[in-house]
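Every read-out reported here was derived from the displayed coordinates using simple, explicitly stated rules and does not represent laboratory data. Nothing here was measured: the structure is a model prediction, and the numbers come from that model. Note that we place each Cβ from the backbone using ideal geometry, even for glycine, and neighbour counts take in every protein chain shown.
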Amino acid sequence: MTTAIKICGITSVLDAELAVACGVEAIGLNFWPGSARHIDVGTARAIVAAVGARTLVVGVFVDASLDAVRAAIAETGIGCAQLHGDEPPELLAALLPHAYKALRVRDANIAEEARRFGGKYLLLDAYSPAAPGGTGATFDWALASGLARERKVTLAGGLHAGNVADAIGQVRPYCVDVASGVESRDPRVKDEAKVRAFVDAVRSVMS
């Protein structure tokens, strides 16, 4: 099985080009104003114009309204919406098939929670009271392995070059998602060496 790679928290065309040059299948742009990686519509539009024909560009939203998500899609050209807040199943349903729900894993009840949401795809992230995502925290991957057999699961939360191969071995996810694990000291800037090491670690599982 080939595991896809998504580099999230991209804030510039430069870093988007880096991700694409490394061969990733998707990048994430954060539209939540509370994130250190938040970008505006103009920057998102420039990133989509630069790399949107070569990789999937995902917009990350936290508790945005349906109208706000649709407006961002129309204004920027992003290909998919990731709903990373407390959005109801009905909001996701209105955006399918070009959207998926991100859920924060606390315990084994995650399987029941996931089944409330439609669509083929699902992202699982670590729960933290501090922020909806991008915290660098991991969770018990055993809680994701069952869902990964039911859905196309993107595994997120504290992944980096040193642990992603183990995560893939345990979960067998459709995709792995990384943000803080490939950043420089500035959360708005990706570290080229870390990005390449992460991609190499994922690809090594397939070799």
Using 0.36 nm per residue of separation minus the Cα-Cα distance, give me the extension gain between Lys120 and Val13 in nm, one decimal.
35.6 nm
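Could you pull out every whole DSSP H run in the chain that spans at least 20 Å of Cα extent along its own axis and averages 0.0 or higher on the Kyte-Doolittle scale?
Passing helices, by number: 192-206.
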Skipping prolines and chain starts, which residues have an amide H placed within reach, meaning under 5 Å, of the one on Lys190, given they are 5 or more residues away or on another chain?
Ser184
Let me spell out the model: positive unit charges on the Cβ of Lys and Arg, negative unit charges on the Cβ of Asp and Glu, origin at the Cα centre of the chain. What dipole size does that give, in debye rounded to 20?
420
Packing-based order for 102-112, 57-67, using average beta carbon neighbours within 10 Å, highest first:
57-67, 102-112
Which cross-chain or sequence-distant (5 or more) residues have an amide H under 5 Å from the amide H of Ile5, H modelled 1.01 Å from N in plane?
Glu25, Ala26, Val176
Straight-line reach from Lys190: which lysines fall under 28 Å, measuring Cα to Cα and dropping same-chain residues less than 8 apart?
Lys6, Lys101, Lys152
